[in-house]
Amino acid sequence: MPFDPRTQPLAAAEARVLATLLEKSRTVPDSYPLTLNSLVLGCNQKSSREPVMQLTEGEVQQALDALRQRALVVEVGGARVARWEHNVERGVGVPTQAAALLGLLMLRGPQTAAELRINAERWHRFADTSSVEAFLAELAERGDDKGGPLVLLLPRAPGAREPRWAQLLTGPVDVPAAQSPPVAGQGEDALAQRVDALQADVARLQALVQRLCEQLGVQP
């Protein structure tokens, strides 16, 4: 039976731990699975987090234990220290693309489909906003046999151009609170992350061109 947030919703700390594992599996795969210490640092980041949290090592371990009981995380034995990885796709019963959207909603709070597409750049590159909306619609229309809906389309807030989506993994949404304006700087932070990703792509391409020129014996 897939995870059902209606009967066993995630606590705030559990959602932050699970979403951080999802994020790091895609953005820093060389460092994944994560140690407990690395996971604590990731949970308490000040960027790309809404709200910002200050979880202790004990609180993160407690969240991991609760998530493991629901088969949402897996402990991987290491030579010196245990590491942790998420099991969202199998535990919740969603494809990789949908798992990325759920992770972003848990980390950053309600977002429009367009914002999700931008913020997902380093997690999964969606072809367009319509593809994001298609996966969100599937998550919103999940039947009872699959654990029920996992996201909710909020009513469009006064003055907003587009409605925002919220995740239901932590239980029912407080709609008035979810419709409050985004934290100042959140859009700038998303843009900065996208610029960083593009710069990394350019650096990789430059290195590739340099190697090819060396092999051909020509100047770049």
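Assorted remarks:
- Estimated FRET transfer efficiency (Glu57, Glu121; beta-carbon r; R0 35 Å; 0.05): 0.70
- Euclidean distance between Cα centres, region 157-173 to region 50-96, Å: 25 Å
- Loop-located trypsin sites (Lys or Arg not before Pro) in region 53-113 whose Cβ has at most 11 other Cβ within 10 Å (DSSP): Arg80
- Simple label model, 7 Å out from Cα along Cβ direction - Ala160 to Thr27, nm: 2.3 nm
- Label-to-label distance, Glu141 versus Thr7, with points set 7 angstrom from Cα along the beta-carbon direction: 2.5 nm.
- Shown is the FRET efficiency for Ser130 and Val81, computed with R0 = 41 Å from the Cβ-Cβ distance and rounded to the nearest 0.05: 0.40.
- Annotation: peptides 5-18, 134-147, ranked by per-residue average of other Cβ atoms within 10 Å with the highest first, follow the order 5-18, 134-147.
- Cα Rg over Rh - region 12-183, Kirkwood: 0.96
FYI, it's all coordinate maths here, none of it is from the lab. Only a predicted model underlies this, so the values are computations on that prediction, with no experimental measurement involved. Here the Cβ is made from the backbone with ideal geometry for all residues, glycine too, and neighbour counts use every protein chain on show.
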